[in-house]
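Please read the structure below before turning to the comments.
The values are calculated or read from the model by the stated rules, or taken from the named source; none is laboratory data. These figures come from a predicted structure and were not determined experimentally. Glycine gets a Cβ as well: all are built from the backbone with ideal geometry, and neighbour counts include every protein chain shown. Surface areas here come from the heavy atoms of the whole protein model, side chains and all, with no ligands, DNA or RNA. Shrake-Rupley method; radii C 1.70, N 1.55, O 1.52, S 1.80 Å.
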Amino acid sequence: MKDFRLAIINTGAANIHSVEKAVRIVGGDPVVTTSADVIADAHAAILPGVGANDAVMKQLNDRELPDTIREFAASGRPLLCVCLGMQILFERSEEGELPGLGVLGGEVVRLPNGISGSSGLPLKIPHMGWNTVHFKDQSVQRHPIFADIPQDTYFYFVHSYHCEVENARDVAATSPHGIDVCAAVVRGNIVGTQFHPEKSGRSGLGIYAKFLEYSQSLT
Amino acid sequence: MLTNRVIPCLDVDQGRVVKGVSFVDIKDAGDPAELASFYDAEGADELVFLDITASSDARDTMVDVVERVSAEVFIPLTVGGGIRSRDDMRRMLEAGAEKVSVNSAAVANPTLIEECAQEFGSQCVVLAIDAKRVEEPALMQRSDGSYDYAEALWQVYTHGGRRATPLDAIKWARIGAELGAGELLVTSMDADGQQTGYDCDLLSTISAQVSIPLIASGGAGTPDHFVKAVTDGGADAVLAASLFHYGDLRISEVKSHMAESGLPMRMIH
């Protein structure tokens with residue numbers, strides 16, 4: 001697949017390099033870019049992000065990328081969004097002033113305070129560490145890139161805000177942290193994970209490998 | 001459900017992993033990337049690299065270490081030691097660290113925590129606190145000129161435990177969380193290197209007052225010590241260094257023991 005072009009959209013977030021390294025180790029050759037042309041021309045794209053909503057949205061707005069990303073998402077080409085990258089797919093976030101991309105309906109709100117865990121102690125915020133990911137079993141939500149993951153596999157999370165998804169069918173997986181936290185979304189070609197596959201060891205690298213395989217199979 | 005984390009800490013001097021007992025007495029013990037891969041395979045949930053390089057011109061070495069390790073090992077990596085500014089933090093994050101810990105520089109300038117949290121997000125900012133039990137309450141002068149014994153039970157030390165500060169460790173933990181730290185890494189200087197168990201009084205006093213995750217450090221000697229740090233200390237994660245480096249305990253056996261004790265753990269085998 002010599003011609004296969006994979007763009008990692010540079011949101012200015014600190015985990016860009018980890019995402020790039022993860023894609024490379026599973027055999028990909030991505031371009032990290034802020035160029036609207038490069039993104040528009042790619043066969044598949046990854047939208048990473050950590051940090052704060054406004055910092056990332058400002059970076060995208062300054063480079064006039066929101067429309068490019070929305071058009072990419074609407075084009076049917078594979079788009080993988082990670083952590084804050086998934087959160088900015090939604091319409092708005094309590095974490096900031098700047099609106100999200102509005103690709104998916106719903107909003108991003110702070111994890112609830114003071115909910116007790118099984119030990120009786122209040123659960124911590126950020127939700128930080130390895131948690132089980134529970135996929136809904138309807139085939140429509142089991143996107144090919146999640147297909148081989150055993151139920152309740154551990155992935156690494158670190159976030160203080162979570163997605164309240166308007167359309168329940170967009171939720172592909174949840175993780176328990178007092179409430180059922182939206183751990184993954186799928187709508188057609190658009191896939192998002194709240195957890196960090198690039199920091200989730202072998203299970204996480206498997207997601208990048210599958211995303212690469214799936215994207216190349218469509219090219 | 002969310003699991004408790006076991007974290008090996010690797011002290012790095014000029015690109016090589018070393019370990020000191022009670023912050024002195026250092027002995028070379030290997031290549032960072034190799035050790036990191038080994039610990040990943042053993043089931044380490046995260047890795048902490050602490051740069052103990054004395055000279056600041058050798059700091060670039062640490063950036064190389066982080067670059068190299070993060071290209072091979074895909075679990076979260078925290079880097080600390082000598083982080084003085086937002087730029088220092090940015091370099092480590094860009095090299096592939098997930099989190100960066102601040103210690104002495106945050107004591108000298110607490111707004112560093114706030115600035116870094118705003119720029120990179122709280123989840124990147126770990127406040128490392130080296131705390132020592134106050135043997136005899138210090139006589140302190142109040143603002144009105146009167147004298148009283150300080151209430152602090154634990155005092156904050158900086159510069160790798162060499163410099164005492166007047167800060168109360170419990171208050172400092174609370175302030176750090178308010179300023180935007182996303183996690184606390186609390187080392188008991190009394191317990192460090194003693195292998196007699198974590199200081200669960202220190203840990204539980206802090207965990208009762210902050211709502212961010214807490215990493216226990218200093219004093220592990222047996223698998224049960226790790227359990228107690230969670231059950232009695234309220235820690236979310238437990239860190240150890242020499243115990244793992246010298247093979248006294250394996251990460252896998254510690255995690256098995258914690259799981260058998262009823263704690264949620266990520267078991268990989």
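About its Cα centre, what dipole magnitude does the range A:67-181 give when the only charges are +1 on Lys and Arg Cβ and -1 on Asp and Glu Cβ, stated in debye to the nearest 20? Write out the running numbers ahead of the final one.
Numbers: 8 positive and 14 negative charges, 50 e Å.
Using Cβ point charges on Lys, Arg, Asp and Glu, the range A:67-181 gives about 240 debye.
Could you give the semi-axes, largest first, of the ellipsoid that matches chain B, computed as the square roots of 5 times the alpha carbon gyration tensor eigenvalues and rounded to whole Å? Working shown, then result.
Values: eigenvalues 153, 101, 61 Å².
Ellipsoid semi-axes (Å, largest first): 28, 22, 18.
Treating only the Cβ atoms of Lys and Arg (+1) and Asp and Glu (-1) as charged, compute the dipole magnitude of chain B about its Cα centre; round to the nearest 20 debye.
Result for chain B is approximately 160 debye, rounded to the nearest 20.
Can you give the Kirkwood hydrodynamic radius for the range A:111-203, in Å, rounded to one decimal and based on Cα pairs?
So the Kirkwood estimate lands at 13.7 Å.
Given a 1.4 Å probe and heavy atoms of the protein chains only, how would you sort A:L80, A:L121, largest accessible area at the top?
Numbers: A:L80 0, A:L121 95 Å².
Accessible-area ranking of A:L80, A:L121, largest first: A:L121, A:L80.
What percent of all Cα-Cα pairs in the range A:30-143 falls into each 5 Å bin, going from 0 up to the bin containing the maximum distance?
Using 5 Å bins, I get a P(r) of 2, 9, 17, 21, 17, 14, 11, 5, 3, 1, 0 for the range A:30-143.
Give the distance, in whole Å, between the Cα centre of the range A:148-168 and the Cα centre of the range B:199-254.
When both Cα centres are located, 27 Å separates them.
List, by residue number, every residue in the range A:177-192 with a reduction of 10 Å² or greater in accessible area between the chain on its own and the complete protein assembly, 1.4 Å probe.
A:H177
Counting only Cα, what are the radius of gyration and maximum Cα-Cα distance Dmax of the range B:90-248, in Å?
16.1, 54
If I compute solvent accessible area with a 1.4 Å probe over the protein chains, what percent of it on the protein assembly as shown is carbon and sulfur? Provide the component values of the computation, followed by the final result.
Numbers: 9270 of 19470 Å².
The nonpolar share, carbon plus sulfur, comes to 48 percent.
For every other residue with a beta carbon closer than 11 angstrom to the beta carbon of B:Y39, add +1 if it is Lys or Arg and -1 if Asp or Glu, then tell me the sum. Each step should come with its number before you reach the end.
On the way: positive: B:R250; negative: B:E34, B:D40, B:E42, B:D45, B:E46.
Value of the local net charge: -4.
Give the residue from A:V181, A:H143, A:G49 lying farthest towards the positive end of the charge dipole for the protein assembly as shown; charges sit on Cβ (+1 for Lys and Arg, -1 for Asp and Glu) and the dipole is referred to the Cα centre.
So the residue we want is A:H143.
Helix-derived [θ] at 222 nm for chain B: sum -39500 (n - 2.57) over DSSP H runs of at least 4, divide by residue count, nearest 500? Mind showing how you got there, number by number?
Numbers: 10 runs with 89 residues, N = 269.
It lands at -9500 deg cm²/dmol.
Quick check for you: with a 1.4 Å probe and neighbouring chains kept, what is the accessible area per residue of the range B:203-269, in Å²? It would help to have the intermediate numbers written out before the result.
Working: 2380 Å² over 67 residues.
Using a 1.4 Å probe on heavy atoms only, each residue of the range B:203-269 averages 35 Å².
Relative to the compact globular guide of 2.2 N^0.38 Å, what is the alpha carbon radius of gyration of chain A, as a ratio? Working shown, then result.
Numbers: Rg = 16.2 Å, N = 219, 2.2 N^0.38 = 17.1 Å.
Its radius of gyration relative to the 2.2 N^0.38 Å reference: 0.95.
How large is the accessible surface per residue of the range B:74-183, computed with a 1.4 Å probe and reported in Å² as a whole number? Spell out each step's value before the answer.
Working: 5040 Å² over 110 residues.
I get 46 Å² per residue for the range B:74-183.
Heavy atoms of the protein only, probe of 1.4 Å, neighbouring chains included. What is the accessible area of B:Y39 in Å², nearest 10?
For B:Y39, the solvent-accessible surface is approximately 0 Å².
Can you pull the mean other chain C-beta count within 10 Å for peptide A:198-209?
Numbers: counts 6, 8, 3, 11, 5, 2, 2, 1, 0, 0, 1, 0.
Mean number of neighbouring Cβ atoms from other chains: 3.
Work through the residues other than B:A191 whose Cβ is under 14 Å from its Cβ and net out their charges, Lys, Arg +1 and Asp, Glu -1.
Numbers: positive: B:K132, B:R133, B:K228; negative: B:D130, B:D190, B:D192, B:D199, B:D201, B:D232.
Value of the local net charge: -3.
Summed for both chains, how many Å² of accessible area, to the nearest 100, are buried between A and B with a 1.4 Å probe?
Values: alone 9960 and 12300 Å², together 19470 Å².
When A and B are taken together, about 2800 Å² of accessible area is lost.
Could you work out the helix-only [θ] at 222 nm for chain A, with each DSSP H run of four or more residues adding -39,500 (n - 2.57) and the total divided by the number of residues, to the nearest 500 deg cm²/dmol? Display every interim value, and only then the final one.
Details: 6 runs with 56 residues, N = 219.
Using -39500 (n - 2.57) per qualifying helix, the result is -7500 deg cm²/dmol.
Going Cα to Cα from B:K132, which aspartates and glutamates come in below 17 Å? Please leave out same-chain ones fewer than 8 positions away.
Output for B:K132: B:E151, B:D168, B:D190, B:D192, B:D199, B:D201.
Mean 1/r over all different Cα pairs, inverted: what Kirkwood radius does the range B:34-92 give, in Å?
12.1
Given axes a ≥ b ≥ c from the Cα gyration tensor, I'd like to know whether the protein assembly as shown is rounded (a/c under 1.5), prolate (a/b larger than b/c) or oblate. Please report the intermediate quantities before stating the final value.
Values: a/c = 1.71, a/b = 1.64, b/c = 1.04.
Prolate is the answer for the protein assembly as shown, as a/c is 1.5 or above and a/b outweighs b/c.
Rounded, prolate or oblate: which one fits the range A:1-73, using the alpha carbon gyration tensor with axes a ≥ b ≥ c (rounded when a/c is under 1.5, else prolate when a/b beats b/c, else oblate)?
On the way: a/c = 2.65, a/b = 1.28, b/c = 2.07.
Judged from the Cα gyration tensor, the range A:1-73 comes out oblate (a/c at least 1.5, b/c at or above a/b).
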